Amino acid sequence: MRKLFLILFITAGITFRASSQVRVYASAGPEIIFSMAQLENQSLSGSNIMRFAPVINFQVNGNIDFGKHFGLFFGGAIRNVGFIYQYGDTASASNAVIKKKYRNYNFALPVGFKIGLMNSWLFYGGYEIEFPFAYKEKTFINNSKQDTKVSDWFSPRVPSYYNSVFVGIQFPYGFSLKFKYYFSEFFNENYQASDGSYPYMNMKSNVWYFSLNFGIFRNTRAYYEAKYEKKTSKKNENYY
């Protein structure tokens, strides 16, 4: 997957290197994430609950637009990604409902392409590698928070990095919808706790999410200048 996007970047650069329409600029914006996970747990039977993560998710992109209808991008981001898992405690007579909340803060490096109208509607997609650096796990029994919270920096409970792909659509004024899927499993199944147990063994979980994004590809000033140009018939040299 990474080789494919590298080839795409090189090919596009060779194809458009002589074009006078190439525009290079930076953009940035927040992201609101609604995540779940594709779960397979051989020891427990439970349900997945949608997780809402409005903070802290922020991304910065470098954009290379080869004319009005095609572009590439790369960048960096901080993402708050995780899922909620709920199941019944069948091991005891209490039949308690246990809810587990898992999350990572990840440092992400996306790379991808854009097709459409660069200052309005467009489709985009790409690959992203993410490096988790702050892990947290909370437990609730019958909606009562327990004192067993786990909070680790660079935790061995999760892999050292995640591979993911994403697709999305951007609307005018910079608002966009994105879908993302993680090929890497959320947990390190081989992690051994201090008591000798393997708490994540056979717990396969691949996170996926939808998100609302704002301004991640937008040169907002250029968009408004383009509208102003239409009204005044003045030529705008800054954007196509």
Taking the range 139-152 and keeping residues within 25 Å of the chain's Cα centre (by Cα) and over 27 Å from Phe166 (Cβ atoms) leaves Thr139, Lys149, Val150, Ser151
The residue that is farthest from Asn190 (Cα to Cα), considering only those in the range 136-171 that are of a type in the set (Phe, Trp, Tyr) and surrounded by 12 or more Cβ atoms within 10 Å (Cβ to Cβ), is Phe166
When the range 37-58 is checked residue by residue, the ones that are part of a strand (DSSP E or B), at pLDDT below 95 and either of a type in the set (D, E, K, R) or under 20 Å from the mean Cα position of the chain (by Cα) (or both) are Ala37, Gln38, Leu39, Glu40, Asn48, Ile49
Quick check: anything in the range 131-140 part of a loop (DSSP other than H, G, I, E, B), farther than 16 Å from Ala26 by Cα and modelled with pLDDT of 90 or more? no
Those residues of the range 100-153 which are of a type in the set (Gly, Ala, Ser) and in contact (Cβ under 8 Å) with a residue 24 or more places away in the chain amount to Ala108, Gly112, Gly116, Ser120, Gly125, Gly126, Ala134
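The values are calculated or read from the model by the stated rules, or taken from the named source; none is laboratory data. Bear in mind that the values here come from a model prediction, so they are computed numbers and not experimental data. In this analysis, Cβ positions are derived from the backbone assuming ideal geometry, glycine residues included, and neighbour counts consider all displayed protein chains.
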